[in-house]
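Take a look at the structure below.
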Amino acid sequence: MDFRFQVMTDLDRADIRHWHYAAPYDFYDLDADPEDLAEFMSPPPDELQLAALDDAGRVGGFMVFSAVPGRAGTFAVGLGLRPDLTGQKGGGAFLADGLAEARERILVDRFVVRVAEFNKRALRVYERAGFKIVRRYMQPTNGSRYRFIELERAAESGPERSIE
Ligand SMILES: CC(C)(COP(=O)(O)OP(=O)(O)OC[C@H]1O[C@@H](n2cnc3c(N)ncnc32)[C@H](O)[C@@H]1OP(=O)(O)O)[C@@H](O)C(=O)NCCC(=O)NCCS
């Protein structure tokens, strides 16, 4: 699916905050963690939030780019396709297009992604986009602690969308 990216509006945020994923991905429901939800709804000034709009102008996904403290030019990427669009092999193109869009808007050298270890689906999309594992750690979130994997890649080094 082709998306048009735009800086996220309050209306987009009000839509996305109510998205609910089927288990086990309900882990990613924004309202599963009050802190994550609060940051999403009131992003810090150095965070870029993009909404991905489909042909009908409906939000089909979002991407959030947060500056990593102490690492100039490195941004952590958070993302989600709209729940009904997941699992249909659209994630690779969505990721590639969103990263390309971010490169047009921010000065970025490296992208970081952090994914729960159980989320093999997202991990596969990230690794196919050229991200490499840099560490494994425990992350407190959603009222518990989870095994997480952090991956990185140079901003410019991803495969072209056409060969995904
Ligand atoms: C992560 C996300 C972008 C992936 O996009 P997607 O279009 O749903 O993913 P795809 O359908 O392309 O699946 C990716 C791969 O994972 C595989 N996969 C799917 N479910 C799997 C599972 N349970 N275990 C292992 N592999 C799985 C698919 O077969 C596919 O691999 P293949 O192309 O080699 O066959 C999307 O699911 C999403 O936005 N989810 C929302 C929540 C989320 O996970 N956010 C990520 C936060 S880090």
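The values are calculated or read from the model by the stated rules, or taken from the named source; none is laboratory data. This one's a predicted model, so the numbers in the text were calculated from it and none came from an experiment. Positions of Cβ are backbone-derived with ideal geometry, glycine not excepted, and every protein chain shown enters the neighbour counts. When the accessible area is computed, the model is the full protein with side chains, heavy atoms only, and any ligands, DNA or RNA have been set aside. Shrake-Rupley method; radii C 1.70, N 1.55, O 1.52, S 1.80 Å.
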Handout entry: Probe 1.4 Å, protein heavy atoms only - accessible area per residue of the chain in square angstrom
Key = 55 Å²
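Let me check something: with ligands and nucleic acids excluded, how do S144, S42, S66 order by accessible area (1.4 Å probe), largest to smallest? Write out the running numbers ahead of the final one.
On the way: S144 55, S42 85, S66 35 Å².
From most accessible down to least: S42, S144, S66.
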Exercise for the section: Kindly provide the Kirkwood hydrodynamic radius of the chain in Å, to one decimal, from all pairs of distinct alpha carbon atoms. Expected result: 16.1 Å
Exercise for the section: Treat each spin label as a single point 7 Å out from the Cα along the C-beta direction, and report the M41 to D2 distance in nm. Expected result: 3.6 nm
Exercise for the section: Using a Gaussian network model of the chain whose springs link C-alpha atoms within less than 10 Å, name the residue from A52, A38, A100 with the highest mean-square fluctuation. Expected result: A38
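So how much slack lies between V134 and D31, counting 0.36 nm per residue of separation and subtracting their Cα-Cα distance, in nm?
Values: separation 103, 0.36 × 103 = 37.08 nm, distance 2.85 nm.
The V134-D31 span can extend by a further 34.2 nm.
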Fill in the blank from the handout: Most fluctuating of G60, G98, G143 in the GNM of the chain (C-alpha, under 10 Å) is G143
Completion exercise
Reduced to Cα centres, the span from the range 24-39 to the range 70-149 in Å works out to 15 Å
Problem - Of V125, V112, V134, the one that fluctuates the most in a GNM where the chain has Cα springs shorter than 10 Å - result: V134
Practice task
Roll a 1.4 angstrom probe over the protein heavy atoms and tell me the percent of accessible area of the range 4-163 that is carbon or sulfur.
Solution key: 51 percent
Practice task
Please list 87-97, 18-28 highest first by mean number of surrounding beta-carbon atoms within 10 Å per residue.
Solution key: 87-97, 18-28
Practice task
Let me know the charge dipole size of the chain about its Cα centre in debye, to the nearest 20, where only the beta-carbon of Lys, Arg (+1) and Asp, Glu (-1) is charged.
Solution key: 720 debye
